[in-house]
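Here is the structure we will look at.
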Amino acid sequence: MKVVGKHIPHDSAVGHVTGEALFVDDLPSAKDELIVDFIASPVAHGKIIRFNFEELSQLDGIAGIFTHADLPGHNLFGPVIQDERFLAEDIVEYVGQPIAVIAGESRKAVRQAKKQLQLEIEELAPVFTIDEALAAKQFIGEARELKKGDFEKVWNEAEHKIAGTFLCNGQEQFYLESQAALAWRGENGEILVHSSSQNPTEIQEVVAEALGLGFHEVVCVCKRMGGGFGGKETQAVIPAVMAALVAAKTGRSARVAYTKDDDMRSTGKRHPYKIYYKAGFTGAGKITGVKFDIYSNGGAAADLSTAILERTLLHSDNSYFIPNLVFRAMICKTNFPPNTAFRGFGGPQGMANIENVLQEISIVLKKDALEVRRLNCYGHNDQNVTPYGQIVQNHMLPEIIDQLAETSSYKKRLTEVAEFNRKSVTHLRGLALTPLKFGISFTTSFLNQGNALVNVYKDGTVQVSTGGTEMGQGLNTKIRQLVAEEFAISYDDVRIMITSTEKNNNTSPTAASAGTDLNGMAAVNACQKIRRNLTEFASRYFSAPENGIVPSIEHIHFEAGSVYDDRLPENKLTFRKLVLQAYMGQVSLGERGFYKTPGVNLNRETGKGNPFFYFTSGAAVSEVLIDRFTGQLKLERSDILMDIGESINPGIDRGQIIGGFIQGVGWVTNEDLRYSDKGQLLSYSPTTYKIPNIQDLPDIFNLETLENPQHKINIRRSKAVGEPPLMLCLSVWMAVKHALSSVRNDITPRLNLPATAEEILQRLTELNGDLSNPETTAVRATESEVSLVSLPSISG
Ligand code: MTE
Ligand code: QUE
Ligand code: MOS
């Protein structure tokens, strides 16, 4: 009956395919239901002058139009800084920003009414880029700094130096189920919201605040999401408030489901970053010091930008020991939808930057990049302290790199690639191996908690509810396995119930890859309490006078669907019979469990602490083929090796690794968010925004995990797997840079992220052309002193 560690299919796998698995917009309509939509700002920045909402609300089939003035509670919200409005007041700050909620009898009625909209907005000057925000001194939150050693000193003394600018673009989460909510008004004004949200507790709280209710008057439930990827961590609140407002105002049930286009235009994405970097290093390639000035494009409100920037700071080392460093970081306020969580949560940008630095070091020194990476990699007994003072323990980073280099024939293929590039006039190949180290825990330490409710029924079957939400990642399947194994019963005898704030209170978002760690531990904790009750009961039951033994809980065992006292093993009871007996004996068969991650802390003043419970790590090696005439890229082969501890469900974890990697490959290659000069998203649908498809998978694709006997903590000695594999995509991006670096050996090619065909072609053109053009970002590597970009002050 062992179920943990088994390959058990995702518990909705069949339902996803047959359509039996329900998403919010699949829930049956109530007969009085209203369809909810919103009126969005057409401009990036402006002052609302006039609108004809009153007139529209009188149209046939329209039940009402509601603005911020209709909110009984307050209009401000935000997970960290309360600076965002559900509905715009007099100023709009991004294209797609909701101004009013419109409710009608049918989609058609709403559509017709929107056609008659008159909206006059006086346009104000927008700010779009990080540079524009720097010039306008528009920031969100405080500047952050992480320091170690004496960078200036090692920079001045450095044998070699590089400096440059790293630029990366955002990424759309592209979940298949758009933002959606369904709200009912109950007795006494209570509200029930079905929300496609990674964070039902936040929905409960913000709906309550917007409607002027107590938290106890709002319930939020989420059966599952059709993908979240971070995009439903905070941003499900606006549609939820829209539906709840309509339900509260009209007393009728209210349904909102964004169209894909509206979803892409109105919601935040992965943060674009601009990082000015300097690095000093030895002739052997050892980094002596780095300085990173990091700017993120936060969009029009804070959302999770501060937490995301913090994760960037804590991942700007990736897997490398840096003895002297200064990381300075700041969020720019711009007129885009507030950027938000996306798998990796700021980690990918910081890690891409340092990978780029390592690649450039190898180019300057004309060394194999793998050798440089390996040299700087975190070690076991020395070279193992992070910039924030946490020691990297029980890790396998050097072993992972070495094993992967071996199994992927890295050395041999590197020679072949060089040979190919010497000969081919039409194509270029590139090869790169990048490691990955991702800290597991919310860096906002108090969020590292979870609770669970476990109910055992008289027939020996079990229902479990946790605060965790299912978004396809397999959380429910893993929790079912964990609970089944606690009671030594079959997987089929356990069901995961809908996530509801009614059963689990004050829950953290399902995020930071810690869903199973936190909720799985809480569920196991609840099971242990029930097992204790059952064990005590069983010890009394088996020591009935005629059995001639004294009660002793040490002798009670749960095994293969049965319970027995090992002194009388032939007297065993099935779990089901024991439960029924225990019920008759008035024993509690339902318990709540709680878990908090031990020992995680980060001192924001000193920038030191142990923000992470442990690290998930791995590496990937990728080979790319580039068409020199079009810049077109083909990923030919990827090999992945990961340390994910002891997997609770190897099949699901494999899916997470492959899916995460490919999602990352989309970010670094093809996904290209384009805006008009008025800040309108041009790539707002699958026709213009290309996520990877089956043909973008590498032709050769190998995936292995390795044993890490040193890893002894966390639930069943597993490791979080949700976000980390995304960052394996950096091997692909670096393979492109490697390919470009073979064009000529006197300069270091620059490469922005994503490396679209257009970007690659532009870099190839530069490499083949005139480098005296000041617009050209390629830098001569042979210059002894690189002319530096002047760093803008971030103190102001
Ligand atoms: N996998 C699927 N199929 N769908 C998703 O939306 N989200 C990712 C990852 N894997 C996601 C996914 C993100 S951003 C996170 S933080 C984790 O799953 C969250 O779930 P976990 O903590 O249970 O791993
Ligand atoms: C990683 C994460 C999150 C994080 C920190 C991480 C995350 C998240 C928050 C967060 C922070 C403050 C809040 C809040 C949430 O922090 O997903 O509600 O008040 O939501 O290191 O993934
Ligand atoms: Mo994941 S970005 O932490 O939702």
With r defined as the distance between the Cβ atoms of Asn505 and Asn745 and R0 fixed at 51 Å, what FRET efficiency is calculated, to the nearest 0.05? 0.25
Which whole-Hz couplings ³J(HN,Hα) result when phi for each residue of region 439-452 is put into the Karplus expression 6.51 cos²θ - 1.76 cosθ + 1.60, θ = phi - 60°, listed in order with x for Gly and Pro? x, 9, 1, 5, 6, 7, 4, 5, 6, 7, 8, x, 9, 8
For region 487-500, in order, what is each residue's ³J(HN,Hα) by Karplus, 6.51 cos²θ - 1.76 cosθ + 1.60 with θ = phi - 60°, in whole Hz (x at glycine and Pro)? 9, 6, 10, 7, 3, 5, 7, 10, 10, 9, 8, 3, 6, 9
Heavy-atom surface of the chain, accessible at 1.4 Å and reported per residue (Å²): 38 Å²
Only Lys, Arg (+1) and Asp, Glu (-1) charged, at Cβ; the chain dipole about Cα centre in debye: 1000 debye
How much length is gained on full extension from Lys412 to Glu371, taking 0.36 nm per residue of separation minus their Cα-Cα distance? 13.3 nm
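Could you look at the chain and say what percent of its accessible area is carbon and sulfur, using a 1.4 Å probe and all protein chains?
51 percent
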Antiparallel %, DSSP beta bridges [both residues in the chain], to 5: 80 percent
Rounded accessible area of Tyr94 (nearest 10 Å², 1.4 Å probe): 10 Å²
Grab the DSSP H runs of the chain that are 4 residues or longer, score each as -39,500 (n - 2.57), total them, divide by all residues and round the 222 nm result to the nearest 500 deg cm²/dmol. -8500 deg cm²/dmol
Please sort 701-710, 132-141, 473-482 by packing, taking for each peptide the average over its residues of neighbouring beta carbons within 10 angstrom, highest first. 473-482, 132-141, 701-710
Considering only protein heavy atoms, what is the solvent-accessible area of Thr688 at a probe of 1.4 Å, reported in Å² to the nearest 10? 80 Å²
Loop-only trypsin sites (Lys or Arg not before Pro) in region 678-713, please: DSSP not H, G, I, E or B, and at most 14 other Cβ atoms within 10 Å. Lys678, Lys712
Where does the charge balance sit around Cys222 when Lys and Arg score +1, Asp and Glu -1, over other residues with C-beta under 10 Å from its C-beta? +2
Share of Cα-Cα pairs in the chain beyond 44 Å, whole percent, is 30 percent
What is the calculated FRET efficiency for Ile549 to Gln586, with r their C-beta to C-beta distance and R₀ = 22 Å, to the nearest 0.05? 0.45
So the pair-distance distribution of region 497-573, from every Cα-Cα distance in 10 Å bins, comes to percents of 16, 36, 19, 19, 9, 1
Cβ-Cβ cut-off under 15 Å around Asp60, Lys and Arg +1, Asp and Glu -1: the net charge is +3
Can you figure out the FRET efficiency of Lys529 with Ser685, using R₀ = 51 Å and their beta-carbon distance, to the nearest 0.05? 0.55
Roughly speaking, what is the centre-to-centre gap between region 527-580 and region 200-254 when only Cα atoms are used, to the nearest Å? 45 Å
Multiply the residue separation of Thr129 and Asp382 by 0.36 nm, subtract the distance between their alpha-carbon atoms, and state the gained length in nm to one decimal. 87.0 nm
So what J values fall out for region 404-418 if you push phi through Karplus, 6.51 cos²θ - 1.76 cosθ + 1.60 with θ = phi - 60°, rounded to Hz, Gly and Pro as x? 5, 4, 5, 5, 9, 6, 3, 4, 4, 5, 4, 5, 4, 5, 4
Order of exposure, largest accessible area first, which applies to Arg576, Arg750, Arg495 with probe 1.4 Å: Arg576, Arg495, Arg750
Potential lengthening between Ile498 and Glu105 on full extension [0.36 nm per residue; Cα-Cα distance subtracted]: 138.6 nm
Once amide H atoms are placed 1.01 Å from N in the peptide plane, what residues at a sequence separation of 5 or more from Ser196, or on another chain, have their amide H within under 5 Å of its amide H? Ala180
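Can you tell me the order of 310-318, 605-613, 188-196 when each peptide is scored by its average per-residue count of other Cβ atoms within 10 angstrom, highest first?
310-318, 188-196, 605-613
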For the chain, what is the relative contact order in percent, using Cα pairs closer than 8 Å and at least 6 residues apart in sequence? 15 percent
What share of the DSSP beta bridges in region 130-272 is antiparallel, in percent to the nearest 5? 70 percent
Expressed as a whole number of Å, what is the distance separating the alpha-carbon centroids of region 75-114 and region 293-353? 28 Å
Modelled label-to-label distance, Thr18 and Arg717, 7 Å Cα→beta-carbon offset: nm? 3.8 nm
Using packing as a proxy for protection, rank 378-388, 248-258, 175-185 so that the peptide with the highest average count of other Cβ atoms within 10 Å comes first. 175-185, 248-258, 378-388
Accessible area, probe 1.4 Å, largest first, for residues Met396, Met727: Met396, Met727
Take Gln112 and Lys137, extend 7 Å from each Cα along the Cα→Cβ direction, and tell me the distance between the two endpoints in nm. 5.4 nm
Classify region 606-658: rounded, prolate or oblate, from the alpha-carbon gyration tensor (a ≥ b ≥ c, eigenvalue square roots; a/c under 1.5 rounded; otherwise prolate if a/b is larger than b/c)? oblate
Quick one: how many Å² of Leu375 are accessible to a 1.4 Å probe, rounded to 10? 70 Å²
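The values are calculated or read from the model by the stated rules, or taken from the named source; none is laboratory data. Please read all numbers here as calculations on a predicted model, not as lab measurements. Cβ coordinates were reconstructed from backbone atoms using ideal geometry, including for glycine residues, and neighbour counts include every protein chain displayed. Each accessible area value is taken on the protein alone, full model and side chains, heavy atoms only, with ligands, DNA and RNA left out. Shrake-Rupley method; radii C 1.70, N 1.55, O 1.52, S 1.80 Å.
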